[in-house]
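So the structure is just underneath, and the comments pick up after that.
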Amino acid sequence: MEDHKNHCEELITSISEYVEGSINPQLCLELEKHLSECHNCRVVVNTLKKTIDIYREQNTQDKVPVDVKNRLLARLHLEDYRK
Amino acid sequence: MIEPQVGPLNLEALQNGDPIEQTRFVELFSDRIYRLALKMLANSHDAEDVLQETFIKALNALPNFEGRSSLSTWLYRIAVNESLMLLRKKKPEASIQEDDFVDTENEDSFAAYQILDWCCLPENVFMNNETRAVLDQQIQKLPENLRAVFILRDIEGLSIRETAETLDLSETNVKTRLFRARLKLREELSTYFGEFIQENTNGRS
């Protein structure tokens, strides 16, 4: 890793865009080449992706509790207009 | 962004104060606004306050809505501002966190990254209640300016452009903040899952 270290630091700032898929193609090639050779950077990229994934997945289940929504509609004087 | 199963809103009726359309507006967006507030504030009572204030302000301001941004971006913006106002009211020192990352001097140094591959833990570990609580706590530890960006982009699934619009930031600024937020969270989760792996390995041996 020591040999790679500077290169890692240089490329690590682009991994967020890499994960987004918005990285420019040339940098992408360079990064992917580096990733194929550098275990540590691969771990960083994979765990970064996973971090985003688990936040996304846990979120989709959350809804406003029924009592909270009822109080909201009452506060807005809309409680009689629900379907 | 994933839209709930409600037909498109009639903006004109909404702006004219039609209560049926206003109710649909609430039905369409209340889950998202509540979720945002809950993640921003980590307190269900405060989140409910923000939810109510957001819709009161939105319904009052709707006649002036010019459609320069989408309705959801516009509404998110009100909710983020309400959340930030409440945060500042509760702990004024929080505004210090609005700085330009002076607290993060060492963070971009590669030596600071934890290298632990916890991706292959069983899926149920990521979804259990303990992990969910940790995920929420870690968002709270983010400085506010990073927290809002992460919630809008990575949790609520807004695009970079929509996130920038909502928060009045440049897209470059959103990307920078997003990068920092994601890295911070990755570090914290690496610590947490590292301890988890260690505990479970010890348990077995």
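Taking other C-beta atoms within 10 Å as the exposure proxy, B:THR176, B:THR201, A:THR13 rank B:THR201, A:THR13, B:THR176 from fewest upward.
Per 0.36 nm of contour for each residue apart, how much would the distance between B:ALA42 and B:ILE115 grow if the chain were fully extended, relative to their Cα-Cα spacing?
Details: separation 73, 0.36 × 73 = 26.28 nm, distance 2.93 nm.
Separation in residues times 0.36 nm, less the Cα-Cα distance, equals 23.4 nm.
Under Stokes-Einstein, with the Kirkwood radius over Cα pairs standing in for Rh, what whole-number D in µm²/s applies to the protein assembly as shown at 37 °C and 0.692 mPa s?
Details: Rh = 20.7 Å.
D, rounded to a whole number, is 159 µm²/s.
Summed over qualifying helices (DSSP H, 4 residues or more, each -39500 (n - 2.57)) and divided by its residue number, the protein assembly as shown shows a 222 nm mean residue ellipticity of -21500 deg cm²/dmol.
Ranking B:THR191, B:LEU41, B:PHE55 by Cα position along the charge dipole of the protein assembly as shown, where only Lys, Arg, Asp and Glu carry charges on their C-beta atoms, puts B:PHE55 farthest toward the positive end.
Multiplying each eigenvalue of the alpha-carbon gyration tensor of region B:147-205 by 5 and taking the square root yields semi-axes of 34, 10, 6 Å, largest first, rounded to whole angstroms.
According to the Cα gyration tensor, what semi-axes, each the square root of 5 times an eigenvalue, does the equivalent ellipsoid of chain A have, listed from largest to smallest in whole Å?
Values: eigenvalues 445, 34, 18 Å².
That gives 47, 13, 9 Å for the three semi-axes.
How about A:LYS49: which lysines have a C-alpha closer than 28 Å to its C-alpha, ignoring those fewer than 8 places off in the same chain? By straight Cα distance, A:LYS49 reaches A:LYS5, A:LYS33, A:LYS63, B:LYS39, B:LYS141, B:LYS175, B:LYS184.
Each reported figure results from applying straightforward, stated rules to the coordinates on display, with no laboratory input. Keep in mind the model is a prediction, meaning the values are calculated, not measured. We place every Cβ from the backbone using ideal geometry, glycine too, and count neighbours over all the protein chains shown.
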